[in-house]
Amino acid sequence: MALMSGTDVAREITEQTTKRASEFEQRTGRKPCLAAVLVGEDPASVTYVKMKRNRSAKAGIESRFVHLPEQTTTEQLVAEITKLSEDPGVDGILLQHPVPKHIDERAAFEAIAPSKDVDGVTMHSFAAMAFSEPGFASATPGGIMRLLEAYEVDLKGKHAVVVGRSPILGKPVAMLMLAKDATVTICHSKTENLDQIVRTADIVVAAVGKPKFITAIKPGAVVIDAGYNEGNVGDVDFEQLADSASLITPVPGGVGPMTIALLLEQTVSAATRRADLVDVSEVVG
Ligand code: NAP
């Protein structure tokens, strides 16, 4: 067994991002700007947003914080996000998931301008991912793909089993793996014989939201644990699988740091693209 260190790979990506952010600032006279929107006080979400803002600052990215009360309506949230979408000083927008249950999260995500969708949550970004067209990858799935690439895991012809089909994780990671020529099976709560299917996988992605859910694999499989449950516990039973996996991500220090690295990288890319568009329009004008 060997560990796939998201911490190490994320550090390398973020070093590059920091350089690009500094070049952007020298060129335009301002830092790239990421706006983080948080609704309510869910402790885990508060911590995630704080972590993302700290990392942004360290990478030379300005962060704006819009903290809205728990009782915010869908209309109010959509209005706030629309303002950020139209604000020329904002390059990227992150709406921390999940929002309170009474809010229509899809409507809120769709208020993010595709050019600022650095967390890759809009239908536009999903379609771009599914069609292998340019666009922003969903941050966690994009991070998983970069981690596999860093550890030279070739997906071509391999059987990848993704457990979970959420719009921000399971579905997009399945699309990205398909684009790399894996044969992909997506499992969910209604899947029959899930354990047997997982045992046929060359690569397993656990994105379930249930602690230590995956307990058996094919010997030599690559295991990506995207789960994060209370007490730093993943969706994979690490102790049980560590010996039989050829490569495995730890929790913490696996997928989590990669998600933030992708978010920051994509923020700088969004800023650069937008600045270049402004430059072009100035020339044309
Ligand atoms: P989610 O929206 O709750 O989706 C969970 C998925 O798992 C659903 O598709 C659900 O199936 C499936 N599922 C639930 N119980 C199952 C069961 N008993 N058997 C088979 N499938 C089952 O969760 P998510 O947002 O995708 O997050 C998944 C995990 O990743 C969580 O632990 C979360 O904390 C973590 N996460 C980590 C990061 C990071 O940066 N590291 C980012 C995002 C999420 P149905 O569709 O049939 O209901």
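Details
- When Glu265, Glu239 are checked against the criterion of being charged (D, E, K, R) and in contact (Cβ under 8 Å) with a residue 12 or more places away in the chain, Glu265 stands alone in meeting it.
- When Ser115, Ser138, Ser132 are checked against the criterion of being among the small types (Gly, Ala, Ser) and within 16 Å of the ligand (Cβ to nearest atom), a single residue qualifies: Ser138.
- Any hit, region 174-187, residues being within 14 Å of the ligand (Cβ to nearest atom), in contact (Cβ under 8 Å) with a residue 40 or more places away in the chain and more than 19 Å from the chain's Cα centre (by Cα): no
- Selection from region 206-239 of residues that are more than 9 Å from the ligand (Cβ to nearest atom) and at positive phi: Lys212, Gly220, Gly231, Asn232
- Within region 25-48, restricting attention to residues that are exposed (fewer than 15 other Cβ atoms within 10 Å of the Cβ) and aliphatic (A, V, I, L, M), the residue that is farthest from the ligand (Cβ to nearest atom) is Val46.
- For region 240-262, the set of residues classified as closer than 20 Å to Thr7 by Cα, touching a strand residue (DSSP E or B) at 6+ places or on another chain (Cβ under 9 Å) and more than 9 Å from the ligand (Cβ to nearest atom) consists of Ala242, Ala245, Ser246, Leu247, Ile248, Thr249, Pro250, Gly253, listed by residue number.
- Scan of region 24-52 for residues that are touching a residue at least 40 places away in the same chain (Cβ under 8 Å), under 19 Å from Ala261 (Cβ atoms) and not in a helix (DSSP H, G or I), ordered by number: Pro32, Cys33, Leu34, Ala35, Ala36
- Test set (1) under 30 Å from Gly135 (Cβ atoms); (2) touching a Phe, Trp or Tyr at 6+ places or on another chain (Cβ under 9 Å) - Asp237 fails condition number: (1)
- Strands (runs of 3 or more DSSP E) enclosed by region 58-173 - at least 3 residues per element that are surrounded by fewer than 20 Cβ atoms within 10 Å (Cβ to Cβ) and free of Cβ contacts under 8 Å to residues at least 60 places away in the same chain: 62-68
The numbers here are math on the coordinates, done by the rules we state, and not lab data. On a predicted model such as this, the values are computed, not experimentally measured, just so you know. Note that each Cβ is placed from the backbone with ideal geometry, even for glycine, and that neighbours are counted across all protein chains shown.
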